[in-house]
Each structure stands twice: as C-alpha cells, then as structure tokens.
Amino acid sequence: MDKYKSYIIKKIPVIELPSSDILSIWEHHFIANKLGKKFYLQANLHGPEVVGIGVLLKLIEVIKKKGLKEGELKIVVSSNPIGLNSKISGYQVGYKNLNSTKYGNWNRIFKQKITDNSNYGIHVEDKLAHILQTISKGFGIVLDIHSAQNNIEVIYTFPNAIDLAKYLDV
C-alpha cells in the first residue's frame, strides 16, 4: 500500500534580486489516499526564526518515511526568503523588510481579503502575502511556526499527545 496518494513539490518565485538571483518559496504538498482534514504549516515568516525550518524539514522526512494516513498536508518550510536573506554583518535581521517602510513587521502584511488577480502593486510584501494566502486557501487548519534565536530542544505537550510525539520522533 502506498504511503500517500501524491507528493508534489512546487517552486514559487517571490522576487528577483539585482544579481538576477530569484528568491522562491518551496511548497511541499502531501495528499493521502483517504480524505480527511487539510493542514497547512509554514515557518520562518521572520528571517531569524530558523528553528521552524528544521522542525518542518524533519516532519517532511517523517511523512516520506511513515506516510500520511488521511487528508492533506501542505508545508512551506521557509515562508519568507526575503527575511531569511536579510543580514547585517552576518547577523539575521529579517523581522521586517529592510528595503521598505510600508510595514514594520512581516506579520502585518496580510489583508482581510485576498484577490485572485496578479496586480501586487509595488511592494514585495503584498506579493508575498498574496502568495502565502493563496497557497493556504482552503486549508482548515493553518499553523505558522514562530521561534526565537536561542531555542532549546524541548517539547512540551499534553499527556494524550505523547504517543504522537514519539511517532514523530521528537
């Protein structure tokens, strides 16, 4: 029996840099053989929040190995390549777009309503918000993983979730 019905990796360009490098978002979409709930997970909305990247990469590894029993799971490991690449003297500073004054924080880029047009205006923040809202549309459970620079490897959970934590090998 297959571990899941399909696994699709999609590269979504966000911005082209003056060097002609293209910063992109990578979407990992697992669809199980059985219908069920739809989960969307993303990490790294703020550039320095790198712990979530490791968490989601580990989750992808576990799903590839053990499968997805039901539903759908869409994962965006690094939801903000602009913030991830924002550094000053080697330190990550991507809590906001250093090249713009429109928004003071990446959390503030999202609108109440998304549209299906491709007119993003002049701000890359609006384009990024549109991309993230569009790829998460239709998913009933959405989780945005935030973290700090000095995280420690500890899991806190409820007693009834210990088996799940063991299953995920965390």
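The values are calculated or read from the model by the stated rules, or taken from the named source; none is laboratory data. Owing to the predicted nature of the structure, the values given are computational and were not obtained by experimental measurement. So basically every Cβ, Gly included, is an ideal-geometry build from the backbone, and we count neighbours across all protein chains shown. Heads up: the accessible areas ignore ligands, DNA and RNA and are worked out on the full protein's heavy atoms, side chains in. Shrake-Rupley method; radii C 1.70, N 1.55, O 1.52, S 1.80 Å.
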query = With every protein chain present, what is the per residue accessible area of the chain (1.4 Å probe, Å²)?
reply = 64 Å²
inquiry  = Can you give me the solvent accessible area of Asp169 with a 1.4 Å probe, rounded to the nearest 10 Å²?
reply    = 100 Å²
message = Between [x] 17.1, 52; [y] 19.5, 61; [z] 20.0, 71, which entry matches Rg and Dmax of the Cα atoms in Å as derived from the coordinates of this structure?
response = [x]
message = For the chain, take the longest principal axis of its alpha carbons; what is the angle in degrees between that and the long axis of helix 124-136, to the nearest 10 within 0 to 90?
response = 20 degrees
inquiry  = Please list, ordered by chain and number, the residues whose modelled amide H lies under 5 Å from the amide H of Ile25; skip anything fewer than 5 residues away on the same chain.
reply    = Ile12, Val14
request  = Among DSSP beta bridges lying fully in the stretch 1-143, give the percent that are antiparallel, nearest 5.
outcome  = 70 percent
note = Residues whose modelled amide H sits under 5 Å from the amide H of Asn80, counting only those 5 or more places away in sequence or on another chain, are none
request  = Compute the length gained on full extension between Ser19 and Tyr103: take 0.36 nm times their separation in residues and subtract their Cα-Cα distance, giving the result in nm to one decimal.
outcome  = 27.8 nm
request  = Measure off 7 Å from each Cα along the Cα-to-Cβ vector at Ile12 and Phe110, then give the distance between these two points in nanometres to one decimal.
outcome  = 1.3 nm
key: Cross-link pairs Lys5/Lys166; Lys37/Lys127; Lys65/Lys87; Lys127/Lys166 - those with Cα-Cα distance over 32 Å   = Lys65/Lys87; Lys127/Lys166
remark   = Within the under-14-Å Cβ sphere about Ile15, not counting Ile15, Lys/Arg +1 and Asp/Glu -1 give a net charge of -2
For the chain, the longest site-free run once trypsin sites (Lys or Arg not before Pro) in DSSP loop states with at most 13 other Cβ atoms within 10 Å are removed = 70-110
key: Rounded tilt (10° steps) of 51-66 against the dominant C-alpha axis of the chain   = 40 degrees
Phi to ³J(HN,Hα) by Karplus 6.51 cos²θ - 1.76 cosθ + 1.60 over the stretch 19-25, Hz, x for Gly, Pro = 6, 6, 5, 10, 8, 10, 9
key: Percent carbon-and-sulfur accessible area, the stretch 1-138, ignoring ligands, DNA and RNA, probe 1.4 Å   = 55 percent
task = Quick one: what are the phi-derived ³J(HN,Hα) couplings along the stretch 45-50, Karplus 6.51/-1.76/1.60 with θ = phi - 60°, whole Hz, x for glycine and proline?
result = 4, 9, x, x, 7, 8
